[in-house]
Amino acid sequence: MKWEKLAAAAMAAVMTAAFVTGCGGQQQNKQTDNASKDKIVIGLDDNFPPFGFHDESGELVGFDIDMAKEAGKRLGMTVEFKPIDWDSKETELKSKKIDAIWNGLSITPEREKNILFSRPYENGPQILLVLDNSPIQSKADLAGKVVGTQQGSTGLEAIQSEPEVMNSFKELKQYSDNVTSFMDLEVGRIDAVVVAKTSAGYFMKKNGAKFRIIDVGYPDIPSGVGMRKDDTELKAKLDKVLEDMHNDGTSTKLSEKWFGIDVSM
């Protein structure tokens, strides 16, 4: 009987120690989670000028880079930028490899099914970019032509929203980034690119007046920061900071720096 009592006491001590250790581990994990809130990992296409790209020295620069850094400073958070495959952006977000997508991400009903968006902060419609001497003047002129756009982009959504026009193309080429599509346009591999006016304007500014922008009536679709659906606390903080940046003129200043016009919201 005495040994049974001692065994029971020993077992109780082990269980108590395990419980205490478990509680301590939970507390430590909780502290780690709290510490992680001091940092935000932002996913982006790092070949998407002027939103995010590498300059001649290899430094990551751009409109969204400046916007995110300023927001992080105001939130007291360290910002880490992580290049991702743009076509897999929602998967990267859901798997928690990144905390947010901040890269000219257009707010669309389809994306809102899976992504929680911040308030809009930038607005640039989709347009056609062609060579200056191109005969193309409208969507009707795209019949029999090779048209390019970026994979998973709002440009692709704009094209797919008009199947009759899309089916008139000779070919629809999808690119991993806009820069490659611009290069193919320049050398004549494709006839037109469907892209945001902001990106096209920046490219023309850097490469001379051999290109032409055609506004073909695609709807204006503003951009926002994309987050996981349950990150409502982060959304509230970002909304407040983006509102402040808009009201104090910071967003306008950065917009004019990178686009030459104010597309801030």
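Against the compact-protein benchmark of 2.2 N^0.38 Å, the Cα-based radius of gyration of the chain scales to 1.35. Here the convex hull built on the C-alpha positions of region 116-265 has a volume of 109 cubic angstrom per residue. With a Cα-only, solvent-free Debye model of region 60-183, what are the log10 I(q)/I(0) values at q = 0.17 Å⁻¹? So the normalised log intensities work out to -1.01. With angles folded into 0 to 90 degrees, how steeply does helix 232-247 sit against the dominant principal axis of the chain? Use alpha carbons for both and round to 10. Orientation of helix 232-247: about 40 degrees from the principal axis. Taking each residue as 0.36 nm, the span from Ser88 to Lys229 lengthens on full extension beyond its C-alpha to C-alpha distance by 49.1 nm. Sites listed here are trypsin sites (Lys or Arg not before Pro) in region 187-265 whose DSSP assignment is loop and whose Cβ has at most 13 other Cβ atoms within 10 Å: Arg189, Lys210, Lys229. Cα centroid separation, region 224-265 to region 67-111: 13 Å.
Helix-only arithmetic for the chain: the sum of -39500 (n - 2.57) across DSSP H runs with n ≥ 4, divided by the residue total, places the mean residue ellipticity at 222 nm at -13500 deg cm²/dmol. Segment Thr78..Asp215, full-extension length gain: 45.4 nm, with 0.36 nm per residue of separation and the alpha-carbon distance subtracted. For the chain, a crude dipole built from +1 on the beta carbon of Lys and Arg and -1 on the beta carbon of Asp and Glu, taken about the Cα centre, is about 860 debye to the nearest 20.
Summarising the amide proton neighbourhood of Ile190: residues at separation of 5 or more, or on other chains, whose placed amide H is nearer than 5 Å comprise Leu185. Which parts of region 170-184 would a label at Asn133 reach, counting a residue when its backbone N lies under 11 Å from a point 7 Å out along Cα-to-Cβ? Zone members listed by number: none at all. In region 127-191, the ratio of gyration radius to Kirkwood radius, Rg to Rh, stands at 0.92 when only Cα atoms are counted. Note on Lys39 and Val61: their simple-model spin labels are 2.7 nm apart, each label 7 Å out from Cα toward Cβ. Taking the longest Cα principal axis of the chain as reference, the axis of helix 250-259 is set at about 50 degrees. In degrees, nearest 10, range 0 to 90: what is the angle between the Cα axis of helix 178-187 and the longest Cα principal axis of the chain? Between the helix axis and the principal axis of the chain, the angle is about 20 degrees. The label point for Lys69 and the one for Lys240, both projected 7 Å from the Cα toward the Cβ, are 2.5 nm apart. Beyond 20 Å, how much of the Cα-Cα pair distribution for region 170-243 remains, as a whole percent? That fraction is 50 percent.
Full extension of the chain segment joining Asn167 with Lys257 gains 28.5 nm, where the gain is 0.36 nm per residue of separation less the Cα-Cα distance. Beta-bridge orientation, the chain: approximately 55 percent antiparallel, per DSSP, counting only bridges with both partners inside.
Bear in mind these aren't lab numbers, they're just calculated from the coordinates by the rules spelled out. In this text the structure is predicted, and so the values were computed from the model without any measurement. As a convention, Cβ positions derive from the backbone with ideal geometry for all residues, glycine included, and neighbour counts pool all protein chains shown.
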